[in-house]
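The values are calculated or read from the model by the stated rules, or taken from the named source; none is laboratory data. Because the structure is a prediction, the values reported are computed rather than measured. So basically every Cβ, Gly included, is an ideal-geometry build from the backbone, and we count neighbours across all protein chains shown.
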Amino acid sequence: MEPVEIITGKTRLLGLIGYPVRHTISPGLHNTLSAALGQDYVYLPFEVHPTNLEKAVTGLQALGFTGFNVTIPYKEEVIKYLDRLSREAELIGAVNTVKICDRKLTGYNTDAEGFARSFAEMTGTGLKNKKMLVIGAGGTARAIAVKAALEGASKIYIVNRTRNKSENIVNIINQYITDIAESHDLDSIFELVPCSDVIINTTPLGMHPDVDKSPVEDSVLLKILKPSHIVYDVIYNPDKTRLLLCAEKAGCKIVNGLGMLFYQGIHAYEIWTETTIEKNILDEVYQAFLKISQRFG
Ligand code: NAP
């Protein structure tokens, strides 16, 4: 038998904490990245019971981990166990990536960067001067809206079922970044779409298995969408949600959430390893990532 020496005493450690983590594709992505880059890291998922979050964070630090991802339900709660936050993570109020350096834990939010990079790559344009309509006001909406404001969007409308949640995001943007955000009721979409360049769904409406759902009725959308609109759905299963199919019919540029998922992982890896991953490696790893995500889809 050949010896198995994938992990040695020099291998550096990365991981994920969440509850549950059984369906995560992050180990596949990060271990593929390490192999592609010839980096001696291993990435492991840990299912952490809610009563053990603090112990898990302290434990990862004590074990010498270089960093770790944080997923549902701990993206906000983990903050109290960290030493500092990036500006974006502080404004977003959620952390999905932690880097440990000299025993200090710094929290980042790479969902925001994942969104911006996938948007740029898939649309060939940036967020600067864009008028954005964000549907939903949960954690993902906050990351996207804050990032768009930081990147120079000229207007951000947020519509949500629960109005105080959209108002909360609007206040953060207007108070700490720039005064461009407005909160509206869900049924204002009809008036807001014609004033927007980009429409983003951040609700789970349309996600597998509820593929018949959409945040806006098709008949309404088809009346107001123009081919110049970019319609972005953070959902990636199915590939094209009902919203994206409708937008495609109207001739719009459509983007799903797979690129956001990919680039949030890429950016986390760049933070941990302090490297920038070159385009040819990214393309190669993206092909592997597609295979991994199809297996989990
Ligand atoms: P969240 O914090 O729970 O927020 C969900 C939002 O959707 C809330 O604003 C909620 O409204 C709204 N919503 C839920 N059900 C609704 C309904 N039936 N009608 C109208 N509004 C409804 O969730 P999240 O963490 O932001 O995640 C949202 C979606 O993003 C999920 O589908 C998730 O899989 C996806 N996601 C994708 C990526 C990626 O990388 N592509 C990353 C993160 C998340 P209320 O405020 O009124 O409850």
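Going by what's in this entry, would Phe46 be described as buried (at least 23 other Cβ atoms within 10 Å of the Cβ), more than 30 Å from Cys195 (Cα to Cα) and not assigned by TED's automatic domain parsing to the domain that holds Val170? Walk me through it before giving the result.
Values: buried (at least 23 other Cβ atoms within 10 Å of the Cβ): no; more than 30 Å from Cys195 (Cα to Cα): yes; not assigned by TED's automatic domain parsing to the domain that holds Val170: yes.
So Phe46 does not fit the description; no.
What pairs can you find where one residue is in the stretch 227-239 and on the phi < 0 side of the Ramachandran plot, the other is among the basic types (Lys, Arg) and surrounded by fewer than 21 Cβ atoms within 10 Å (Cβ to Cβ), and their Cβ atoms are less than 6 Å apart, with a gap of 6+ or different chains?
Close Cβ pairs (under 6 Å, with a partner that is among the basic types (Lys, Arg) and surrounded by fewer than 21 Cβ atoms within 10 Å (Cβ to Cβ)) amount to Ile230/Lys253.
If I filter the stretch 41-48 for residues that are more than 29 Å from Thr276 (Cα to Cα) and in contact (Cβ under 8 Å) with a residue 24 or more places away in the chain, do I get at least one hit?
First, pick out the residues of the stretch 41-48 that are more than 29 Å from Thr276 (Cα to Cα): 47-48.
This time we only want the ones that are in contact (Cβ under 8 Å) with a residue 24 or more places away in the chain, so: 47-48.
Looking through the stretch 41-48, at least one residue is more than 29 Å from Thr276 (Cα to Cα) and in contact (Cβ under 8 Å) with a residue 24 or more places away in the chain.
Looking at (1) under 24 Å from Asp111 (Cα atoms); (2) β-branched (Val, Ile, Thr); (3) without any contact (Cβ under 8 Å) to a residue 40 or more places away in the chain; (4) away from the ligand (no atom under 13 Å from the Cβ), which one does Ile224 not meet, given that it meets all the others?
Tallying (1) under 24 Å from Asp111 (Cα atoms); (2) β-branched (Val, Ile, Thr); (3) without any contact (Cβ under 8 Å) to a residue 40 or more places away in the chain; (4) away from the ligand (no atom under 13 Å from the Cβ), Ile224 fails exactly one: (1).
Under the condition of being within 22 Å of the chain's Cα centre (by Cα) and under 20 Å from Asp197 (Cα atoms), which residue from the stretch 248-258 is farthest from the ligand (Cβ to nearest atom)?
Lys253
With the requirement that a residue be touching a strand residue (DSSP E or B) at 6+ places or on another chain (Cβ under 9 Å) and more than 14 Å from Thr202 (Cβ to Cβ), what does the stretch 102-117 give you?
Hits for the stretch 102-117 are Lys104, Leu105, Thr106, Gly107, Tyr108, Asn109, Thr110.
If a residue must be touching a residue at least 60 places away in the same chain (Cβ under 8 Å) and surrounded by fewer than 23 Cβ atoms within 10 Å (Cβ to Cβ), how many such residues does the stretch 94-107 contain?
From the stretch 94-107, those touching a residue at least 60 places away in the same chain (Cβ under 8 Å) are 96-97, 99; that's our starting set.
Right, trim to surrounded by fewer than 23 Cβ atoms within 10 Å (Cβ to Cβ) and you get 99.
Count: 1.
Where residues in the stretch 20-78 are in contact with a strand residue (DSSP E or B) (Cβ under 7 Å, 6 or more places away or on another chain) and of a type in the set (Ser, Thr, Tyr), which of them is nearest to the ligand (Cβ to nearest atom)?
Per the stated criteria, the residue is Thr71.
With respect to the numbered conditions (1) within 13 Å of the ligand (Cβ to nearest atom); (2) surrounded by 24 or more Cβ atoms within 10 Å (Cβ to Cβ); (3) under 30 Å from Pro45 (Cβ atoms), which one is the sole condition not fulfilled by Ser118?
Against the list (1) within 13 Å of the ligand (Cβ to nearest atom); (2) surrounded by 24 or more Cβ atoms within 10 Å (Cβ to Cβ); (3) under 30 Å from Pro45 (Cβ atoms), Ser118 comes up short only on (2).
Answer yes or no as to whether Gly64 is more than 22 Å from the chain's Cα centre (by Cα) and not hydrophobic (A, V, I, L, M, F, W, C).
Values: more than 22 Å from the chain's Cα centre (by Cα): yes; not hydrophobic (A, V, I, L, M, F, W, C): yes.
Judged against the criteria, Gly64 is a match.
Looking at the structure I just gave you, is Ser219 touching a residue at least 24 places away in the same chain (Cβ under 8 Å), more than 16 Å from the ligand (Cβ to nearest atom) and of a type in the set (Gly, Ala, Ser)?
No, not satisfied.
From Leu82, Leu91, Leu44, which residue is of a type outside the set (Ser, Thr, Tyr) and within 25 Å of Ala288 (Cα to Cα)?
Leu44
Given Ser196, Ser228, Ser214, which one is of a type in the set (Ser, Thr, Tyr) and in contact with a Gly (Cβ under 6 Å, 6 or more places away or on another chain)?
Only one candidate qualifies: Ser214.
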